[in-house]
Amino acid sequence: MYESLHHVSIIVSDIEQAKHFYGGVLGFEESPDRPDFDFPGAWYQVGATQIHLIAYAEGKTLRGTTEIDSRDGHFAVRVRDVEAFIERMEKHGVEMLNKPVNKTEWHQVYIADPDGNIIEFNR
């Protein structure tokens with residue numbers, strides 16, 4: 001019945017700051033296919049899935065903190081090389097919660113974007 005996960009929408013308060021983080025720091029590829037909505041945002045292609053950033057200061061999903069809590073709501077991105085990912089985050093001064101050994105079979109690294117949205121990267 002289900003084919004795949006199409007996209008994840010993330011609420012951000014400052015689209016330019018978010019675009020710098022998702023495009024510049026994380027290196028996600030921005031998609032030119034975003035329609036001309038009546039609100040600011042950006043779409044990023046991550047493998048077969050898209051990340052949709054929506055600038056919406058009144059959004060109810062803004063956490064109000066950049067504290068990294070791996071049990072809080074998050075989405076996960078599989079990476080080819082977790083060590084290269086960690087090096088990239090260190091280069092950009094991004095705080096991480098690094099869990100190379102945990103109850104899963106994969107190495108997990110958690111970060112927060114400038115608005116506190118939690119993202120897990122794993123291999």
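The values are calculated or read from the model by the stated rules, or taken from the named source; none is laboratory data. Not measured: the values here are computed from a predicted model. Cβ sites come from the backbone with ideal geometry, for glycine too, and all protein chains shown count toward neighbours.
Key figures for this structure:
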quantity	calculated
Unmet criterion (only one of (1) outside any loop (DSSP other than H, G, I, E, B); (2) assigned by TED's automatic domain parsing to the domain that holds Ile118) for Lys103	(1)
Tabulated pairs, segment 61-81, first under 10 Å from Ile118 (Cα atoms) and in contact (Cβ under 8 Å) with a residue 40 or more places away in the chain, second of a type in the set (A, V, I, L, M, F, W, C) and in a loop (DSSP other than H, G, I, E, B), C-beta under 8 angstrom, 6+ apart or interchain	Ile68/Met96
Number of positions in segment 29-72 that are among the aromatic types (Phe, Trp, Tyr) and closer than 30 Å to Lys103 by Cβ	1
Yes/no for Gly73 being over 14 Å from Ile10 (Cβ atoms) and exposed (fewer than 11 other Cβ atoms within 10 Å of the Cβ)	no
Residues being within 17 Å of Val25 (Cβ to Cβ), in a loop (DSSP other than H, G, I, E, B) and within 14 Å of the chain's Cα centre (by Cα) - total across segment 69-94	2
Pair list, Cβ under 6 Å, 6 or more apart: segment 4-30 residue on the phi < 0 side of the Ramachandran plot, other residue in a helix (DSSP H, G or I)	Val12/Ala18; Phe28/Tyr22; Glu30/Gly23
Every residue from segment 106-123 that is under 19 Å from Glu16 (Cα atoms) and in a loop (DSSP other than H, G, I, E, B)	Asp113, Pro114, Asp115, Gly116, Asn117
Selection status of Val46, aliphatic (A, V, I, L, M) and either out of contact with any helix residue (DSSP H, G or I) (no Cβ under 9 Å at 6 or more places or on another chain) or closer than 22 Å to Arg88 by Cα (or both)	yes
Residue under evaluation Ile54, criteria (1) under 19 Å from Glu120 (Cβ atoms); (2) in contact with a strand residue (DSSP E or B) (Cβ under 8 Å, 6 or more places away or on another chain); (3) β-branched (Val, Ile, Thr), criterion not met	(1)
